[in-house]
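The values are calculated or read from the model by the stated rules, or taken from the named source; none is laboratory data. On a predicted model such as this, the values are computed, not experimentally measured, just so you know. In this analysis, Cβ positions are derived from the backbone assuming ideal geometry, glycine residues included, and neighbour counts consider all displayed protein chains.
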Amino acid sequence: MTSPESATSISSHRLIIALDEPEALSWQSLAPEIKGADFTEGARIFPEEIKLNEAVFDIEITREFSIIVSVLQEANQLILLCDCGKEGSKACSYQIQILNALCKQKELQVFFNRAVRNEKLRTAAMNYGLEAESDLDQHFKIALDSGRLFIEPVKQEFIPVTRESIYRLTQQIKPEDSNITTDSIPESRFMVFRQHKFYHHLIVELYHGQRTEKGKLKNPLLLIDAQKYLWKSQDPAKMKFFMALSRFQNRTEDLLAEEDILALKSIIENPLQYPVYFHQPEKSENIITSALKPVKIALLAEEPVVKVSKSEKAYEVSIAVKVGEKSYSLSEIAVRYKYFLQIEEALYLMTNLQLIRTIQELFEQKSSLLISHSKFNAFKEGLLNQIEDKVHIDYQYIPQGTPKQIAWGSYDTDRERIIYLSDFGSHVMIIPVMRYSDMEIAVRSKRQVYGTDQKGKAFMVKRDAVEEDKLVSLLIKQHPDFEEQLNDPLEYFYLHKRYFLDEDWFLNTFEEWGSHQIRVLGFNEIRNNRFNPNKIKVDIKVLSGINWFNAEVDVKFGKQKASLKKIHLAVKNKRKYVLLDDGTQGIIPAEWIEKFKRYFIAADISDDDHLTLQKVNFSQVEELFEEEMLDNSVKRELAMYREKAEDFTKIQQVKVPAGLNGKLRGYQREGLNWLNFLDDFNFGGVLADDMGLGKSVQIIAFMLLQKQKRGANTNLLVVPTTLIFNWEAEIEKFAPKLKVFTLKGPERSRETTHYQNYDIILTSYTTLLTDVNFLKSYIFNYIFLDESQQIKNPESQRYKAVKLLQSRNKIAITGTPVENNTFDLYSQFSFACPGLLGTKRYFKNIYSAPIDQFKDSKRAQDLQQKIRPFLLRRTKGEVAKELPEKTETILYCEMQEQQRAIYDAYEKEFREYVSAKDEEELDKNRMNVLRGLTKLRQICNSTKLLNDGTFTEEHPSAKIDALLEQIEDNTPHHKILVFSQFVSMLDLIEAELKKKNIGYVKLTGRTRNREEIVAEFQQQQNIRVFLISLKAGGTGLNLEQANYVYLVDPWWNPAVENQAIDRVHRIGQRRNVTAVRMICPDTVEEKIMQLQATKKELAGELIVEDASFLKSMSKKELLSFLS
């Protein structure tokens, strides 16, 4: 508080008034010149601080300017200090105004007049039973708060004991449901609207009172804390109601805010239907029944309109209020509590804050405004134009546009709905706008549309409320937050970026808006947003080319085009975003990512918007593309392929070429027809007939047919080195007129110019690796790969070399298309039918791994269906029923004690080695594992094979003994083949044959004169045994002179063993064939036999006859081999 002493240091006007008695200030005690002086009654007085005999008052002159007056009463004088700056000893008007208030307002008078105070204190003391005390100032303290006087005992332990206080305590202590009401004393709660005594802002309070039998309120009325009921209610509407009451019950500020409007709406809803009264302070400053008047409260249904009319002298601005069918001007109504208009016996809430401020500032104590013509434009531009978005302004002097004016300005035809987007911090601002010709109007604004005709006359264009409402409806249905924002007095909606930039949300929303011809602008102005706002649009048309199908693929995001290379890069990197030319990122939905994955696996990208799909992949075309994407010619072509591929009987029959020496069997003619069918459509294929069914003669016949069909042409035939002489002999036998040039030997020519003079260029895989650099430049008619399983590894040099060669078409030839695992198929079909099986990764994940590792029969069937038209495989059981019977037996060779002891010792050492390693260490030491297993297999043959074939001292071999016994028994009547993978074992057998003078020949990888050795065995009767290395002679040999086959040691792959057996069990064999597998019991060899059995089960599901086992063998499986 500013004391008079401290105030003297400031430029203050000081006034001292002498009093007759101490603390006896009264109007009568003042001097006549003071009582008769003038002062401004309209100025409002606010007590900043007040206590006994001291006070500081704030006199509000205007909203921006106020005067401070300090008052101090001591002894027999009253001192007033004013900061108005007036000089002299006479009282200023502000001091006189304060004196007037101190003497006439009892709530202020009690602080400066002991008698008045004692009267107030004694009345209050009666409630406490202290009215007989001599000095009541010692027992009570006085305070002024929000214009109300509060008297409380100094000792808080004292409580009032009155009917009213006892009743209040009873209500607070008793449960809510124990309130007793009777017909004689009915009770009720009600709301009171009043104005703060000093600050004049709105206070809304909840009271409790009793009623008379006639229903009238009677005193006392008890103020209720609304928060007490807030926490008791579970009903959201009631909770909002009590929360709103609390806001206005304890209000200390006089600010206009949107939150106040929302709170007042909740109060007006009045879910408990409390009666409403407004306080009449002129009847009593206290809340008593005589000062309350019933009133109705409601929302103002139609917003008041600011009307602007024009006369000869001036423009008049007024407010028009419509309630029901009746209109009112401001002169006919009263503005109550700033927010309400009082019309008759009702208070109507105005919900437009801008309008409330306009009425408060412009029309305070005025019913209308007048603006001169010369100042109106400045007034309109400076004020009316600024509030027009929020307040409906009716320029009554501007007429509605005529049809001619509207048409001239294209206001009726040139309309567009637009949604503007704007960055709003963590949110996005969404502004719906309607464009009328060249004028854009935010549809949530109240601004009107005005135009000017060619004569310069202004006219009004009526806004299209229907279309604007449709625009808002299409917007708010996109997110629940928008509907809640309808009650906000904003021109825009808003949404948090995490929801707005959700791809599913904005893509679907923009698409729907676009379908209603709503333009969206500003999307890429949002910070940190690089998305393209348009959904992907893909247009595909599949056409037919010479050897391929051509798919035209047009990918667009709005007006931005995405090339297939960019789409492929995104899909390859497992990203759903593709960078477009304008810098935005198009979003590829999951559905299209999967489609593009399949497209890129099956087809090649030829340019920015074309995919080429090999016609060999015709079965996938209908799987990949929808029917409407296919050209009519493509549909017809696919139907024809499908019909012929599903039924070979519908394949065109061709005559066996005249140049073929020999007769083709029925199935061989079908093979020729099949090869010709593929040729007609430029399809490659894999001829995979069982070994011994005459694949060579079918190929030779097809070469003759090609010459007959296409004239002179040159074909490349690549075969294993060991089979070159076989092919030369076969061609000479069946087609001597075909000219063959064999590319072999160190002196061979590196020129291709003379190739055109030959029908066949015959070479080996080994030579091809050396000569591929010049062979790749020559375009052959066909390339044939015999024993094509030799390119099964796509990482091998052989595979890479054959892929470099050029030809019109390609055929792979093999009796065992799968040697190790299903993946062997990939390389061979990649050569013969490029694109049929997709990429290496795709084939491995979709087919190879599921079939080999998990025995997935469904994937095996799918793969079989896919390759069926391009793979021809017949078994002997199916087509060569005239072949003699083949008997396969196992000859168990029990090791003697010495051989078994050595085996057991090595097995124990190897088992301990494996047991000591974990899986990772075993994987790193696969060569040691293989070496250990090989040693055990060698011991089963003979202990002399240890140390890489270095013979040890004499030890018996159970197998050699058993084999020699078999040879001696059978050689008089049969010729015998003996196969082993260990050349050193063949050497041991050879030594024994020499001892017994049994005629034999031997073929290993070191043999150079293969042809002579084969001919010697076939033609000389004294040569009874053929010792053959499994790798060197397991394929390509025709040895039908023999009919006994001994497999000295089992191999992991049963297909390799079958190839060896089929050297004798083939076309041309007339005697029954016996195949004998020699096995040492209770050894690793028995485990190998069990492994072969599981591989043969898989062979029935596909064409596979083995699984790559050793490389993937786990520690547990290895130990099981050694148990």
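The table for this structure:
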| quantity | calculated |
| --- | --- |
| Unmet requirement for A639, which otherwise passes all of (1) part of a helix (DSSP H, G or I); (2) surrounded by fewer than 20 Cβ atoms within 10 Å (Cβ to Cβ); (3) among the small types (G, A, S); (4) in the same structural domain as V818 (by TED's automatic domain parsing) | (4) |
| In the stretch 221-271, the residues that are over 21 Å from P489 (Cβ atoms) and touching a residue at least 60 places away in the same chain (Cβ under 8 Å) | L221, L223, T252, N270 |
| Filter result for the condition that a residue is within 15 Å of F340 (Cβ to Cβ) and in contact with a His (Cβ under 8 Å, 6 or more places away or on another chain), over I203, I268 | I203 |
| Candidates Q790, Q797 - the one that is crowded, with 19+ Cβ neighbours inside 10 Å and within 50 Å of the chain's Cα centre (by Cα) | Q790 |
| Residue within the stretch 155-178 that is at pLDDT below 75, outside the structural domain of E282 (by TED's automatic domain parsing), assigned to a loop (DSSP other than H, G, I, E, B) and over 30 Å from L256 (Cα atoms) present | yes |
| Any hit, the stretch 367-375, residues being of a type in the set (S, T, Y), at pLDDT below 90 and outside the structural domain of D260 (by TED's automatic domain parsing) | yes |
| Failed item in (1) under 22 Å from Q1059 (Cα atoms); (2) in contact with a Gly (Cβ under 9 Å, 6 or more places away or on another chain), with F831 passing the rest | (1) |
| Pair list, Cβ < 7 Å and 6+ apart or interchain, from the stretch 829-850 residues that are without any contact (Cβ under 8 Å) to a residue 12 or more places away in the chain to residues that are assigned to a helix (DSSP H, G or I) and among the charged types (D, E, K, R) | P850/R859 |
| Tabulated pairs, the stretch 503-517, first among the basic types (K, R), second assigned to a helix (DSSP H, G or I) and surrounded by fewer than 13 Cβ atoms within 10 Å (Cβ to Cβ), C-beta under 6 angstrom, 6+ apart or interchain | none |
| Any hit, the stretch 265-279, residues being buried (at least 19 other Cβ atoms within 10 Å of the Cβ), over 20 Å from F198 (Cβ atoms) and either at pLDDT below 90 or in contact with a Gly (Cβ under 6 Å, 6 or more places away or on another chain) (or both) | no |
| Index of the failed condition, I1061 passing every other in (1) under 21 Å from E787 (Cβ atoms); (2) surrounded by fewer than 21 Cβ atoms within 10 Å (Cβ to Cβ) | (2) |
| Count - residues of the stretch 1064-1093 that are free of Cβ contacts under 8 Å to residues at least 12 places away in the same chain and either crowded, with 21+ Cβ neighbours inside 10 Å or in contact with a helix residue (DSSP H, G or I) (Cβ under 6 Å, 6 or more places away or on another chain) (or both) | 0 |
| Failed criterion for N617 (all others in (1) at pLDDT below 90; (2) under 39 Å from the mean Cα position of the chain (by Cα); (3) exposed (fewer than 13 other Cβ atoms within 10 Å of the Cβ); (4) not aliphatic (A, V, I, L, M) hold) | (3) |
| Filter result for the condition that a residue is at positive phi and part of a loop (DSSP other than H, G, I, E, B), over G1068, G1005 | G1068 |
| Whichever residue in the stretch 1008-1030 is part of a helix (DSSP H, G or I) and free of Cβ contacts under 8 Å to residues at least 24 places away in the same chain and, among such residues, is farthest from M985 (Cα to Cα) | Q1019 |
| Boolean, K238 is over 24 Å from I45 (Cβ atoms), modelled with pLDDT of 90 or more, under 50 Å from the mean Cα position of the chain (by Cα) and of a type in the set (K, R) | yes |
| Segments classed as helices (runs of 4 or more DSSP H), wholly inside the stretch 871-970, with at least 2 members that are modelled with pLDDT of 90 or more and of a type outside the set (S, T, N, Q) | 897-915, 926-941, 958-970 |
| Selection from the stretch 642-671 of residues that are loosely packed, with under 15 Cβ neighbours inside 10 Å, more than 60 Å from the chain's Cα centre (by Cα) and hydrophobic (A, V, I, L, M, F, W, C) | A658 |
| Residue pairs meeting the criteria (Cβ under 8 Å; at least 6 apart or on separate chains; first outside any strand (DSSP E or B), in the stretch 540-558; second at pLDDT 95 or above and crowded, with 19+ Cβ neighbours inside 10 Å) | G558/N532; G558/P533; G558/N534 |
| Residue match in the stretch 604-623 (condition: assigned to a strand (DSSP E or B), among the polar types (S, T, N, Q) and more than 22 Å from A812 (Cα to Cα)) | yes |
| S374 being part of a strand (DSSP E or B) and without any contact (Cβ under 8 Å) to a residue 24 or more places away in the chain | no |
| Exclusive hit being free of Cβ contacts under 8 Å to residues at least 24 places away in the same chain, surrounded by 15 or more Cβ atoms within 10 Å (Cβ to Cβ), at negative phi and outside the structural domain of F677 (by TED's automatic domain parsing), set I593, I605, I601 | I593 |
| Tally, over the stretch 99-124, of residues that are crowded, with 19+ Cβ neighbours inside 10 Å and outside any helix (DSSP H, G or I) | 4 |
| Residue within the stretch 508-520 that is part of a strand (DSSP E or B), of a type in the set (D, E) and farther than 25 Å from E302 by Cα present | no |
| L678 being among the aliphatic types (A, V, I, L, M), within 13 Å of F549 (Cβ to Cβ) and either touching a Ser or Thr at 6+ places or on another chain (Cβ under 8 Å) or at pLDDT 90 or above (or both) | no |
| Which numbered condition S309 fails, given (1) among the hydroxyl-bearing types (S, T, Y); (2) buried (at least 18 other Cβ atoms within 10 Å of the Cβ); (3) in contact with a Phe, Trp or Tyr (Cβ under 8 Å, 6 or more places away or on another chain) | (2) |
| Which listed residue is out of contact with any helix residue (DSSP H, G or I) (no Cβ under 9 Å at 6 or more places or on another chain) and β-branched (V, I, T), from I287, I261 | I287 |
| Selected residue [assigned to a helix (DSSP H, G or I) and either among the basic types (K, R) or more than 21 Å from P275 (Cβ to Cβ) (or both)] from S331, S309 | S331 |
| Residue count, the stretch 926-943 (criterion: within 17 Å of Q898 (Cβ to Cβ) and of a type in the set (K, R)) | 1 |
